[in-house]
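Structure first, then comments.
Just so it is clear, none of the values below were taken in a lab; they were calculated from the coordinates. Every value quoted in this text rests on a predicted model; they were computed, and no experiment measured them. Cβ sites come from the backbone with ideal geometry, for glycine too, and all protein chains shown count toward neighbours.
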Amino acid sequence: MSQELILPILRDGKYGFIDRNYNIAIKPKYNYVSSRFKEGYCIITYIKKIRNNTKWVFGYIDNKGNSNFFLQLESANQFCEGLSKIRIDGKYGFFNTNLEVEIKPMYRAALNFNEELCGVRLNKKWGFINKKGIMTIDPIYSYVNSFYNERALVEFKNRYSYIDKNGKIIIDGDFIMGSDFSQNLASVRKDNKWGYIDKNGKLVIDYLYDKAKSFKEDLAPVCINNKWGYIDKSGKLVIDAKFDYACSFYEGLARVNVKKGYFSQGYWGFINKEGEMVIKPVFKSASDFLEGYAQVNENKNNYIDKHGNLIISGSLR
């Protein structure tokens, strides 16, 4: 294949792929694919009839169009840090980028790898393994998130805290809910309000918000009186709270939702960091921008570029 695959497309209930010239490189034939290529692979599936039953068959396709299917897989996930979470016989393990078993399926549940560690559940408790499958943090937690900024949110004895990569509790706060760290800050909830703490647990932005999301690209979406705006890392409101919903910034643009009537579900558009609506809110659904493209209107699986131009291969019209 001369052109690299970049995006999956959906037509008549089947998925295929377009290349960098927006031409069809692989005709729609798969029942499902993951949203994007990640670390060189995209997950693909089709339905296989076996006697009187049907089975979802999972596989991988690289951006050159080479595909491999594995009948034994019950699920497969996109690669994270060189490993792909798989399920065989109800247990989770990991493939490496050669599509070989790197960590034997033995866990009841598993997250994806992040910062070299992965949360896994043995029996009823969660711990963390490294990329060799060695349990580096004992499975003693009722709940865990992945590591971000060298901190992971965990629940132990009905209390949330943040641990470091040695399993040491670094932040044992009085909050009742927390998010992952991003840009060295995490949003946490106390009573009915959200604020932000640093990696040592110090409250750096007070509990002022009805809801608060993670910082991305130095800004964070916050909800004030049922409207969303954005604060900077000093806590200053830099984009007024005027949207019905708001998401984090990616590649300089953020998704925002604007309702057009009391019963409306709202439409999605994109703002820049000055709060200007650079792509009008005309989409029923939209994803964040990734590598220059955002998916819009899921039932058609189309994409827009950063100017709002709709990308549709001519032969798919």
Length added when fully stretched, Asn66-Val238, from 0.36 nm per residue minus Cα-Cα:
57.3 nm
Place a +1 charge on the Cβ of each Lys and Arg in the chain and a -1 charge on the Cβ of each Asp and Glu, then give the dipole magnitude about the Cα centre in debye, rounded to the nearest 20.
1180 debye
Can you tell me which of Glu81, Glu39, Glu291 moves the most in a GNM of the chain? Springs connect C-alpha atoms under 10 Å apart.
Glu291
Compute the Kirkwood hydrodynamic radius of region 231-303, taking the inverse of the mean of 1/r over all pairs of distinct Cα atoms, and give it in Å to one decimal.
12.8 Å
Among 157-163, 45-51, 274-280, how do they line up by average Cβ neighbours within 10 Å per residue, starting with the highest?
157-163, 274-280, 45-51
Under 5 Å, built H, 5+ apart or other chain: amide partners of Asn302:
Val296
Ranked Ile271, Ile88, criterion: other C-beta atoms within 10 Å, fewest first:
Ile88, Ile271
Once you've got the GNM for the chain with C-alpha springs shorter than 10 Å, pick whichever of Asn166, Asn53, Asn192 has the biggest mean-square fluctuation.
Asn53
Under 5 Å between amide H atoms, partner at least 5 residues away or on a different chain: which partners does Ile239 have, H built in plane at 1.01 Å?
Tyr230
Along region 14-24, Karplus-curve 3J(HN,Hα) (6.51, -1.76, 1.60; θ = phi - 60°) to the nearest Hz, with x for Gly and Pro, reads 10, 10, x, 9, 10, 9, 5, 8, 6, 9, 5
Could you give the nm distance between label points at Lys165 and Lys27, where each point is 7 Å from its Cα heading toward the beta carbon?
4.9 nm
Under 5 Å from the placed amide H of Cys118, counting only residues 5+ away or on other chains, we find Ile129
Got a sec? How would Leu290, Leu111 order by Cβ neighbour count within 10 Å, fewest to most?
Leu290, Leu111
Just checking my list (1) 20.6; (2) 21.7; (3) 20.0 against Kirkwood radius over Cα pairs in Å computed from this structure; which label fits?
(2)
